[in-house]
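First comes the structure, then the notes that go with it.
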Amino acid sequence: MQKTTLVKFLAALLVTALAVPALAADTIKLGVAGAHSGDLAAYGLPTKDAAEMVVAEINAKGGINGKKVELMIVDDQCKPEIATNVATKLVSEGVNIVIGHICSGATKAAIGIYKGAKIIAISPSATNPPLTKSGEYANFYRTIAADDDQALLAAAFATDTLKAKKIAILHDKGDYGKGFADFAKAAIEQGGKAKVVMYEGIQPGAMDYSAVIQKLRNEGADLLIFGGYHPEASKLLSLMNKKKIKVPFIGPDGLKGDGFLKIAGKDAEGVYATGPKDVSKLPLNTKAHADYKAKYGKEPGTFFDQAMAATVAALNAVKVAGGTDYDALTRALKTSLVDTTIGKIKFDAKGDAEGVGFSVYQVKNGAFVEVK
Amino acid sequence: MDFQYLFELLCGGIVKGSIYALIALGYTMVYGIIQLINFAHGEVYMIGAFVAFIVAGVMTLSGYSGLTVLLLAAVVAVIYSAAYGYTLEKIAYRPLRNAPRLSPLISAIGASIFLMNYVQLAQTPDFLPFPELVPEFEFMAPIERYLSSADLVILIVTTLTMAALTVLIKYTRIGKAMRATQQDLVMARLVGINVDRVISATFIIGSVLAAIAGVLIASRTGQINAAIGFVAGIKAFTAAVLGGIGNVPGAVLGGLVLGIAETLGAGYISSAYEDVFAFALLVLILILRPAGLLGKAVKQKV
């Protein structure tokens, strides 16, 4: 009896001893999780740099609400099994908010652990659609567009802006092209504003696509969405022009480049392609890049812009919420508009950053111009 | 049944098939004479397209246009490719003439890979825009649905080329020598035919046809790169086997059957399975007629 009480007492003491430093800490603990070593380090390191830059600037100005920001940097090598370990480590050390993870697989593995501990994570790079769209992880946010976003945009543009009724969808049977085509098809069918009259794969590198083009005309399609890369797209366009089939053509960001313009030549005129929004002219973006170059002597790497934005958004939320309470942070992220390297953002109900991602471009006089 | 659609597809299939046939002729002629599958033939086709691209580029800059450019580009491409075909035979196949049959086959695969990589390094691995050299004929406007102007040029050129080839094989001295060499190489040599020269001529003729096909198809699809020879080569080889390898009319028939089968399959079922139709047809025909459509079963002499 006495022994049990003693054990209980000791246990209670131990718990308090552990809990007290976390509660009493006068720093805001910002976790940064991602691949900092291994094959995929190039994707993770720019995020670490971005977080360090933002935090150094904020701490130099006296921190947030009088508290300094403390970085807790952990390396998951983009491996799910390591991601769960580092996530557990962050949680046990009392992290307040996490920037990361980098890879979708690692993020998926770690996000449940943060959810259980009521900790918010903002990823600059995990593009797997269900992470936000399944609604399963209310604590997950991201500053990059999901994989299916450009297909959804293409579908919406086809049915709402171009008012197409009978849409043909072709793809090159590859992961990238077919993925785009599948998402677009699902979105059009779900929208119910137009019918998908044709959905087919074509053989990349084939000499001739006349049959499929003839079929497109036979089905009476009034718009073509193509998932794939520029060689097939320009071949299709060239043959369509020879057969005098003039329907709007929408492609993914694989087309939005000089390669397509060069090969398709005058056939490219009028073609639509979705592509990432151009953020390089935003003042904050220009400044961040200049600062980075001054510090490291090179251009920042992949996901740097998104990571800057994620860190700024996270710390802004802490400021607005006046602390690190989960509910207050959630409210702040979803309501408070913050100016970042990728534009003025806040997050939607599911955790995707609003106004981030893709625009529709059209070829006019041999160059891609954003369609407003 | 929608006959207009069927007719559109048939026209497309014939155009595609005649290109296959043009390339397949090169395979079948070489095989007929020295029983070698010249895997580098697709690369000769690609080189023809590249040479035409360069010539057309230079000429367009100098202010010429349309059919003149096409004609001159084709002539230069033909000469260039013929030289390649001739050299290829001298370097890669002649030293192996009496080696076991597998050796020249490996040499052919090596030559194919070499030429593809050579063009990739010397030119570019990227796709290049091939100028549209066939102007739009006004008189084609009413039937554009079925045949575009480029398609018409392809049909005319292939028909003429094949007719010329038939005359060459049937009525000329070299044609007669080729047929004799095909029947029996040793015997032909015994009766005084310069077999080496006949074989060289065969490679030159095959390369000429491939170069013509290269120029035609490149100006229709509007793009080329160093790898286009591979797909074209595989398809044309299939056509040659389908028609009976070694048999000249067979290559033409095989090309047309293949082109039409692919187009109908893509048009009525799904283009995702275009290649599946092509090769399923090949398997089927080879089961029913192992020597191909027009091939004669070779009696093994014991």
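The values are calculated or read from the model by the stated rules, or taken from the named source; none is laboratory data. The model shown is predicted, which means the values in this text are computed figures rather than measured ones. Glycine also receives a Cβ, built like all others from the backbone with ideal geometry; neighbour counts cover every protein chain displayed. To get the accessible areas, we keep the full protein, side chains included, count just its heavy atoms, and leave off ligands, DNA and RNA. Shrake-Rupley method; radii C 1.70, N 1.55, O 1.52, S 1.80 Å.
Overview of values
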| quantity | calculated |
| --- | --- |
| Count of segment A:175-215 residues which are in contact (Cβ under 8 Å) with a residue 12 or more places away in the chain, among the hydrophobic types (A, V, I, L, M, F, W, C) and not in a helix (DSSP H, G or I) | 5 |
| Selection from segment A:52-102 of residues that are in a loop (DSSP other than H, G, I, E, B) and not small (Gly, Ala, Ser) | A:LYS61, A:ASN65, A:ASP76, A:GLN77, A:CYS78, A:LYS79, A:GLU93, A:VAL95, A:ASN96, A:HIS101, A:ILE102 |
| Matching option when the condition is buried (at least 16 other Cβ atoms within 10 Å of the Cβ), among the β-branched types (Val, Ile, Thr) and closer than 30 Å to A:ALA155 by Cβ, among A:THR340, A:THR335, A:THR311, A:THR324 | A:THR340 |
| Unique residue being open to solvent by 40 Å² or more (accessible area, probe 1.4 Å) and under 20 Å from the mean Cα position of the chain (by Cα) when the list is A:LYS67, A:LYS89, A:LYS48, A:LYS61 | A:LYS48 |
| Tally, over segment A:26-43, of residues that are of a type in the set (A, V, I, L, M, F, W, C) and free of Cβ contacts under 8 Å to residues at least 40 places away in the same chain | 1 |
| Number of the condition not met by A:LYS266 [criteria: (1) outside the structural domain of A:LYS48 (by TED's automatic domain parsing); (2) loosely packed, with under 15 Cβ neighbours inside 10 Å; (3) at positive phi] | (3) |
| Checklist (1) hydroxyl-bearing (Ser, Thr, Tyr); (2) in a helix (DSSP H, G or I); (3) open to solvent by 30 Å² or more (accessible area, probe 1.4 Å) applied to A:SER280, failing item | (2) |
| Candidates B:THR87, B:THR68 - the one that is of a type in the set (S, T, N, Q) and under 20 Å from the mean Cα position of the chain (by Cα) | B:THR87 |
| Complete set of residues in segment A:244-256 that are within 19 Å of the chain's Cα centre (by Cα) and closer than 12 Å to A:GLY228 by Cβ | A:PRO252, A:ASP253, A:GLY254 |
| Filtered residues of segment A:184-215 (kept if surrounded by 17 or more Cβ atoms within 10 Å (Cβ to Cβ) and basic (Lys, Arg)) | A:LYS185, A:LYS215 |
| Counted residues, segment B:153-174 - those being over 18 Å from the mean Cα position of the chain (by Cα) and assigned to a helix (DSSP H, G or I) | 5 |
| Residue that is farthest from the other protein chains (Cβ to nearest Cβ) [pool: residues in segment A:158-178 that are over 14 Å from A:ALA221 (Cα atoms) and open to solvent by less than 20 Å² (accessible area, probe 1.4 Å)] | A:GLY177 |
| Extreme residue, nearest to the other protein chains (Cβ to nearest Cβ), among residues of segment B:82-116 that are touching a residue at least 12 places away in the same chain (Cβ under 8 Å) and polar (S, T, N, Q) | B:SER112 |
| Sole exception among (1) within 11 Å of another protein chain (Cβ to nearest Cβ); (2) over 30 Å from the mean Cα position of the chain (by Cα) for A:SER234, by number | (2) |
| Scope segment B:60-93; condition hydroxyl-bearing (Ser, Thr, Tyr) and under 27 Å from B:SER112 (Cα atoms); matching residues | B:TYR80, B:SER81, B:TYR84, B:TYR86, B:THR87, B:TYR93 |
| Selection from segment A:244-271 of residues that are under 19 Å from A:HIS171 (Cβ atoms), within 14 Å of chain B (Cβ to nearest Cβ), of a type outside the set (A, V, I, L, M, F, W, C) and assigned to a loop (DSSP other than H, G, I, E, B) | A:GLY254, A:GLY257 |
| Filtered residue count, segment B:66-86, keeping only those that are assigned to a helix (DSSP H, G or I) and farther than 11 Å from B:SER207 by Cα | 10 |
| Residue among A:ASN241, A:ASN218 that alone is free of Cβ contacts under 8 Å to residues at least 24 places away in the same chain, open to solvent by 30 Å² or more (accessible area, probe 1.4 Å) and either within 27 Å of the chain's Cα centre (by Cα) or within 13 Å of chain B (Cβ to nearest Cβ) (or both) | A:ASN218 |
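Let's see how each residue does on (1) open to solvent by less than 50 Å² (accessible area, probe 1.4 Å); (2) of a type in the set (Lys, Arg); (3) under 15 Å from B:ALA74 (Cα atoms); (4) touching a Phe, Trp or Tyr at 6+ places or on another chain (Cβ under 9 Å):
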| position | (1), (2), (3), (4) |
| --- | --- |
| B:PHE130 | yes, no, yes, yes |
| B:GLU136 | no, no, no, no |
| B:ALA141 | no, no, no, no |
| B:GLU144 | yes, no, no, no |
| B:LEU147 | yes, no, no, no |
| B:ALA150 | yes, no, yes, no |
| B:LEU165 | yes, no, no, no |
| B:THR172 | yes, no, no, no |
